[in-house]
Amino acid sequence: MQSGNSDHLWHATTILMVRKGNETVIGGDGQVSLGATIIKGNAKKVRRLGKGDVIAGFAGATADAFTLFERLELKLEQYPGQLTRACVELAKDWRTDRYLRRLEAMMLVADKSTGLVLTGTGDVLEPEGTADGAVMGIGSGGNYALAAARALMDSPHDAQAIVRRSMAIAADICVYTNRSVVIESIQNS
C-alpha cells in the first residue's frame, strides 16, 4: 500500500467498543499485516490511558497510533476528567499540525461515561446509543464486529461477552483480523 492512501486506515485491524449495563469494553485483535503478509499476531492495540480511567484502541499504522496515544495522554493531563474536551483538542491538533495530519490511524476511546471515535479529519464522533447501551467499531473488520455486536445487544450477554463473540465473528470474515484479542473494560458511572 502506498503512503498517504486513506484506504490504509481500514486494512489494519478490528477494534470494537460496547457499552452495556454498567460496563464499557474495548477489544482489539492482535494481527499486524503488511500487505498480504501477517507480520505479528499478538500486538496490543488496546490500552489504558490517563490514570487508568480511559481505555483506547487504534486501527492503522502502529507508529502513528503510538504517537496519538502519547498526544492524547498529554491532553488528558491538560484536561483531567474531560475526555471529550481532550479528544476535541487532539482532533484539532491532528487536523492542523503539519506532522500530525500525516498520521494514518483511527482511535476508539472511552471513559466511564463517554465513548468516542477520533479520526485525522477532525472527527470526534459519539456512537448512537439507546438506554441499553452503544456500540462502535473501526478498522478493516470493524463493520463486521459492529454488526455482530448490534445483533447481540438485546441478548443476556454482558459487554465483555458481546465483544469476545463479535470479535470472533469478525475474525471469521476479515483476513486482517485474528482471534488474539486484548480487552480492557471500565465500570460506567
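Observations, loosely collected:
- Tallying residues that are assigned to a strand (DSSP E or B), in contact (Cβ under 8 Å) with a residue 60 or more places away in the chain and farther than 20 Å from ASP93 by Cβ within the stretch 111-153 yields 8.
- Qualifying residues in the stretch 1-22 (those that are over 21 Å from VAL181 (Cα atoms) and among the polar types (S, T, N, Q)) - the one modelled with the highest pLDDT: ASN22
- Residue within the stretch 86-108 that is in contact with a Lys or Arg (Cβ under 7 Å, 6 or more places away or on another chain), touching a residue at least 60 places away in the same chain (Cβ under 8 Å) and not in a loop (DSSP other than H, G, I, E, B) present: no
- The single condition from (1) at pLDDT 95 or above; (2) over 26 Å from LEU68 (Cβ atoms) that ALA131 fails is (1).
- Filtered residues of the stretch 23-45 (kept if within 14 Å of ILE183 (Cβ to Cβ), in a strand (DSSP E or B) and not polar (S, T, N, Q)): GLU23, VAL25, ILE26, GLY27, GLY28
- Scan the stretch 154-189 for residues that are under 18 Å from the mean Cα position of the chain (by Cα), outside any strand (DSSP E or B) and among the charged types (D, E, K, R) and the total you get is 3.
- Of all residues making up the stretch 78-130, the number that are of a type in the set (A, V, I, L, M) and more than 18 Å from GLY142 (Cα to Cα): 7
- Evaluated against (1) over 16 Å from the mean Cα position of the chain (by Cα); (2) at pLDDT below 95, GLY139 falls short on exactly one condition, (1).
The values are calculated or read from the model by the stated rules, or taken from the named source; none is laboratory data. Small disclaimer: the values here were computed from a predicted structure and weren't measured. Using ideal geometry, Cβ is built from the backbone for each residue, glycine included, and neighbour counts are taken over all protein chains shown.
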